[in-house]
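Heads up, the thing below is written out as structure tokens.
The values are calculated or read from the model by the stated rules, or taken from the named source; none is laboratory data. Because the structure is a prediction, the values reported are computed rather than measured. Methodologically, a virtual Cβ is constructed for each residue, glycine included, from the backbone with ideal geometry; neighbour enumeration extends over all protein chains shown. Heavy atoms of the whole protein, side chains included, go into the accessibility calculation; ligands, DNA and RNA do not. Shrake-Rupley method; radii C 1.70, N 1.55, O 1.52, S 1.80 Å.
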Amino acid sequence: MTATMANRSLDVDLLARELGNWRTSSRSGPAYHGLADAIRLLIVDGRVPVGARLPSERALAETLRVSRTTVTSAYTQLRDDGYLRARRGARSTTALPLSPSRAAPVAAPTANLAAATLAAPAAVVSRAFAEAAEQLTPYLHSFGIELAGVPPLRQAIAERYCARGLPTEPDEIMVTTGALHAIGLILATFTQPDDRVLVEQPTYHGALATIATRGLRPVPVAMAPEGWELDAVEAAVRQVAPAMAYLIPDNHNPTGMTLPAAERTRLAHIISETRTRTIVDETITDMWLDEQVPGPFAASMTTRRDLVLTVGSMSKSFWGGLRIGWIRGDRGALATIAALRPSLDMGTPILEQLAGARLLAAEDEVLPERRELLRARRALLLDLLAEHLPDWQPAPGTGGLSLWVRLPAPMSSALSAAASRLGLEIPPGPRFGVDGTLERFIRVPYTLPDAELVGAIELLARAWRSVTGLAPAEPTSVVV
């Protein structure tokens with residue numbers, strides 16, 4: 001569901017799928033509380049747009065197989081809390097509360113496990129912007145529009161690919177305003193509404209939202225606990241002939257896994273044989289923790305390299321506030337994107353690009369320290385989970401910014417709702433999938449400072465106890 005659906009009726013089957021296993025949040029109270037909580041979270045997360053018309057009470061009750069009274073009561077609670085607006089003679093539309101006094105009794109946000117990103121290395125970023133300001137003057141005598149990006153940054157990005165084993169020229173780089181912008185440009189250029197896009201399941205929720213915004217149909221291929229099922233990928237590609245594939249082979253978001261070199265070769269062969277244009281998301285490539293990732297996936301393409309469009313970003317490696325991303329691709333593909341781009345935007349801010357080039361020159365100063373920080377915070381998170389939530393099972397990821405955790409019971413949406421009431425924001429597992437499944441999983445980032453991470457996990461444990469009815473663990477005593 002996307003913002004393009006605002007002021008339109010929500011499809012009842014699609015809404016039911018997005019609601020996932022909402023019933024688990026009503027185990028300790030009336031069913032309508034769980035349903036109202038689940039719909040509220042969809043609105044707050046943006047998966048149901050503000051201004052959209054909800055299905056009729058009768059239609060939703062029949063689809064969810066609950067009584068109409070349950071749906072009526074849930075809608076009433078949402079209206080009382082400010083998340084629905086009643087319209088005479090028409091169905092209610094989704095809304096956000098106009099004032100805190102009308103909002104549901106939710107604690108003020110005290111911790112955020114929704115964003116998997118680090119704060120900036122302040123001194124290095126400040127220095128980069130100061131140096132960039134000194135380089136800005138020549139650009140002030142032009143229009144200031146660089147659709148492909150300023151030469152210093154394109155050169156720096158190209159040199160990075162060369163150093164990693166993929167020969168690249170600056171004209172094979174297009175700078176974008178972040179990775180999501182890059183993904184959106186590619187989809188806008190090479191797909192049409194209702195086209196199919198192959199995706200891993202789970203995958204990055206921002207990419208799923210962008211795919212949906214374009215009116216495309218994501219085709220999920222489930223990942224195994226150990227990683228990618230390439231037989232399933234090949235079967236899906238040959239059966240549904242997607243117009244595009246979107247894959248994250250390095251430090252996969254949210255599992256933290258990396259596709260081994262041998263399997264990259266096979267995946268490259270699948271892409272070449274089926275001629276499937278593929279977006280390879282390398283946004284988190286720099287954030288390897290246990291072992292360095294293999295070279296760029298595009299280097300595995302012995303033929304038809306033009307099919308692969310690699311997306312990169314500085315948001316995870318350096319700072320999200322930069323909003324600097326890029327596309328590395330065939331010159332013809334970039335020319336096609338460049339022809340469309342002026343209808344969507346007029347390029348990326350120049351000062352940020354110049355600062356980005358300075359930061360890339362300082363990566364040896366920044367990245368090792370950030371990896372070490374993440375290793376320490378991951379170790380802390382694992383210790384906290386072992387202490388407070390010992391039945392949870394983190395996936396064996398080797399990098400990235402978060403753990404993908406298997407829950408003892410399919411209650412992710414209920415857990416997310418309960419956490420929100422305590423002031424902790426954490427998205428439910430289904431947000432990282434296509435079909436409302438993944439209720440047994442939740443993504444837990446380890447990017448917060450230590451004290452904040454400790455507090456967040458304590459709140460998460462409280463939320464888990466509230467939805468499972470479990471008593472807090474008794475402190476263990478040691479006899480000396």
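Is it fair to say residue 127 is modelled with pLDDT of 95 or more, under 30 Å from residue 329 (Cβ atoms) and surrounded by 15 or more Cβ atoms within 10 Å (Cβ to Cβ)?
Answer is no for this residue.
Would you be able to tell me the number of residues in segment 134-157 that are touching a Ser or Thr at 6+ places or on another chain (Cβ under 9 Å) and free of Cβ contacts under 8 Å to residues at least 40 places away in the same chain?
Qualifying residue count for the region: 0.
So in segment 79-96, with the set limited to residues that are crowded, with 16+ Cβ neighbours inside 10 Å and closer than 13 Å to residue 50 by Cα, which one is modelled with the lowest pLDDT?
Result: 92.
Consider residue 386 against the criteria (1) part of a helix (DSSP H, G or I); (2) surrounded by 14 or more Cβ atoms within 10 Å (Cβ to Cβ): it satisfies all of them except one. Which criterion is unmet?
Result: residue 386 passes all but (2).
Restricting to helices (runs of 4 or more DSSP H) lying wholly in segment 189-306: which have 3 or more residues that are closer than 26 Å to residue 332 by Cβ and either open to solvent by 60 Å² or more (accessible area, probe 1.4 Å) or of a type in the set (Gly, Ala, Ser) (or both)?
Output list reads 261-274.
Considering 159, 146, which residue is in a loop (DSSP other than H, G, I, E, B) and either over 21 Å from residue 360 (Cβ atoms) or among the acidic types (Asp, Glu) (or both)?
146
What residue, among those in segment 186-215 that are of a type in the set (S, T, N, Q) and under 14 Å from the mean Cα position of the chain (by Cα), is nearest to residue 244 (Cα to Cα)?
Here the answer is 210.
Being surrounded by 15 or more Cβ atoms within 10 Å (Cβ to Cβ) and in a helix (DSSP H, G or I) narrows it down to one of 377, 443, so name that one.
Of the residues listed, the single one that is surrounded by 15 or more Cβ atoms within 10 Å (Cβ to Cβ) and in a helix (DSSP H, G or I) is 377.
Residue 332: assigned by the TED database to the domain that holds residue 190 and closer than 20 Å to residue 151 by Cβ, yes or no?
Taking the combined requirement at face value, the residue does not satisfy it.
Restricting attention to segment 446-470, and to residues there that are of a type outside the set (A, V, I, L, M, F, W, C) and assigned to a helix (DSSP H, G or I), which single residue is least open to solvent (accessible area, probe 1.4 Å)?
Result: 455.
Regarding segment 346-361, can at least one residue be identified that is in contact (Cβ under 8 Å) with a residue 12 or more places away in the chain, of a type in the set (S, T, N, Q) and out of contact with any His (no Cβ under 9 Å at 6 or more places or on another chain)?
Yes: one or more hits.
Restricting to segment 291-329, what's the tally of residues that are of a type outside the set (Lys, Arg) and either within 22 Å of the chain's Cα centre (by Cα) or in the same structural domain as residue 374 (by the TED database) (or both)?
Looking only at that region, the number is 21.
For segment 103-121, give me the residue count where each residue is modelled with pLDDT under 65 and surrounded by 16 or more Cβ atoms within 10 Å (Cβ to Cβ).
2
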